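Report on the structure given below.
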Amino acid sequence: MEKNEILILGIESSCDETAAAVVRNGREVLSNVISSQIDLHTLYGGVVPEIASRKHVEQIDYVIDAALQQANVTMEEIDAIGVTYGPGLVGALLVGLAEAKALAFATGKPLIGVHHIEGHISANYIEHKDFAPPYMALVVSGGHSHLVYVSDYGKYEILGRTRDDAAGEAYDKVARAIGMGYPGGPKIDAAAKKGDPNAIHFPRVYLEEDSYDFSFSGLKSAVLNYVNKQKMMGETIIPEDVAAAFQAAVVEVLVSKTIKAAKERGLKKVALAGGVASNSALRAEMEKACEKEGIFLSIPSPILCTDNAAMIGCAAYYEYIAGVRDGLDLNANPNLKLGER
C-alpha cells in the first residue's frame, strides 16, 4: 500500500454498539464492523449500562481483528488510532478507550480522541466525497438534538440544543406508551407510515422567537396525556395514528429550525447526522424543504447514521492532519461538549 495514504483505525463503544473500522484518507471506508447489542437490551426495554460495558469487553478484540482483516491491512500499516472518548456511557466509553490506548502503547501509533457527535457529523464526508464545510448540521439521536454551524473541519458552533428530552429519547418513551417497545425510533417510523398524521394534533414547541433550541418534553407529555385520557374514557387508541401525529410534530420543528438557521447564516448546504437521521419522515421532509430553498442536503446511509466506527475514523483523520495527538492519560468524558478537548 502506497504511503501517501493515511490509514486510520477507528474504535467506537459509546453506547451499545461495539465497532471498529479502517478508513483511508478520511473518506474511503475499507471496513466497518459493528457488533450490535440491540436484541439483548430489548429484553429490558432500553440500554442497561453495566450489560453494555461487559458486552464491549467480550466483543472488542474480535471486532478490531475483523476490521483489519476485511480491510486487508495489518496494525503496522495503520497510521493512527481514533477512538470515541465522549460523550456516552462512561463504562462503555472506557472499554474502547482502554483498548485504543493499549494498541497505541504497544505499536507506538498516535492516539486521537474523537467526540462522538463530531463522528456523526463526519459521516457526511464518507457519503459525499466532495462535501465540505461550511454547512448547517442537524444532529439527532437518542441522547442529542443539536443544531451546529460547521465553519470548517473540527470547527463547530452550537446554535441550538435540546433543553430536555432529545428527539430519540422522546421516540423511545412514546413508543413504550403506545405498546411498541424498544427501540422506539424504527418502530414509530414504521407505524407512522400506516397512520394519519392529522388524526390528532400534538403541539409544536418552538420556544422563543429567535431560539434554535429544542424541547420535546412537552410533546412527549401531550402524547402520554392523550393516551391516558383515551384509556380513562374507554376510547379506542389507534397506535399508528398516535405515531404519525407525534412524528409529524417532531419533524416539523426539526426541519423548520434547521432551514431557518441555514438561511440566516447564508448557507447553501445542510447535513443530517445521528441515529434519528435514518428516520424516513425526517429525510423526506428535509429533502422537500431544502429543494424548495435551493439548499444541497447531505444525508448518510442508515448504516452510517447509527453508531459506527467509520465515522470515528473519518473524524480522527481530520484531527490527525491538523496535528492533534492525545496522550495515554486521555480519559473518558461522558459529558464532553462539542468543540472541547
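Along the chain, the exposed loop sites are chymotrypsin sites (Phe, Trp or Tyr not before Pro) outside DSSP states H, G, I, E and B with at most 16 other Cβ atoms within 10 Å, and the longest stretch free of them is 207-341. Find which of TYR226, VAL255, ILE121 sits farthest along the positive direction of the dipole of the chain, computed with +1 on the beta-carbon of Lys and Arg, -1 on that of Asp and Glu, about the Cα centre. Final value for the positive-end residue is TYR226.
Helices in the chain, meaning DSSP H runs of at least 4 residues, each add -39500 (n - 2.57). Divided by all residues, the mean residue ellipticity at 222 nm is -14000 deg cm²/dmol. Shape analysis of region 88-170 yields a ratio of the Cα radius of gyration to the Kirkwood radius, Rg/Rh, of 1.04. Count Lys and Arg as plus one, Asp and Glu as minus one, and take only other residues whose Cβ is under 13 Å from that of LYS173; the net charge is then -1. Using DSSP, restrict attention to beta bridges with both residues in region 132-300 and report what percent are antiparallel, rounded to the nearest 5. Just about 60 percent of them are antiparallel.
Grab the beta carbon distance between LYS129 and LYS155, set R0 = 22 Å, and tell me the FRET efficiency rounded to 0.05.
Values: r = 21 Å, r/R0 = 0.93.
The calculated FRET efficiency here is 0.60.
In this Cβ point-charge picture (+1 for Lys and Arg, -1 for Asp and Glu), region 29-132 has a dipole of about 220 debye about its Cα centre. Running Debye on the chain with equal point scatterers at the Cα sites and no solvent, what base-10 log of I(q)/I(0) appears at q = 0.07, 0.11 Å⁻¹? Taking Cα atoms of the chain as identical point scatterers yields -0.29, -0.70. The relative contact order of the chain, computed from alpha carbon pairs under 8 Å that lie at least 6 residues apart in sequence, is 25 percent. Placing pseudo-labels 7 Å out from each Cα toward the beta carbon at GLN69 and TYR206 gives an inter-label distance of 5.5 nm. The charge dipole of the chain, taken about its Cα centre with unit charges on the Cβ of Lys, Arg, Asp and Glu (plus for the first two, minus for the last two), comes to roughly 660 debye. Each principal axis of the Cα cloud of region 13-150 was evaluated for its coordinate range; sorted largest first, these ranges are 42, 39, 23 Å. The angle between the Cα long axis of helix 90-107 and the longest principal axis of the Cα atoms of the chain comes to about 20 degrees, rounded to the nearest 10.
Using the structure shown, select from LYS260/LYS288; LYS173/LYS337; LYS220/LYS260 the pairs with a Cα to Cα distance greater than 20 angstrom. Result: LYS173/LYS337; LYS220/LYS260 exceed 20 Å.
Put simply, the Cα atoms of region 132-300 extend 55, 27, 26 Å along their principal axes, the longest span coming first. Positive end of the dipole of region 132-300 (Cβ unit charges, origin at the Cα centre): among CYS290, VAL148, ALA192, the Cα lying farthest that way belongs to ALA192.
Each label was represented as a point 7 Å from its Cα along the Cα-to-Cβ direction; for ALA199 and SER280 these points are 1.6 nm apart.
When you restrict to C-alpha pairs under 8 Å that are six or more residues apart and normalise by the size of region 132-300, the relative contact order lands at 26 percent. Converting phi to 3J(HN,Hα) with the Karplus coefficients 6.51, -1.76 and 1.60 and the offset θ = phi - 60°, region 232-238 yields 4, 8, x, 7, 6, 9, 9 Hz in sequence order, with x at every glycine or proline.
Read the figures in this text as sums done on the coordinates, not as results from a lab. The model shown is predicted, which means the values in this text are computed figures rather than measured ones. Positions of Cβ are generated from backbone atoms using ideal geometry, with glycine treated the same way; all protein chains shown enter the neighbour counts.
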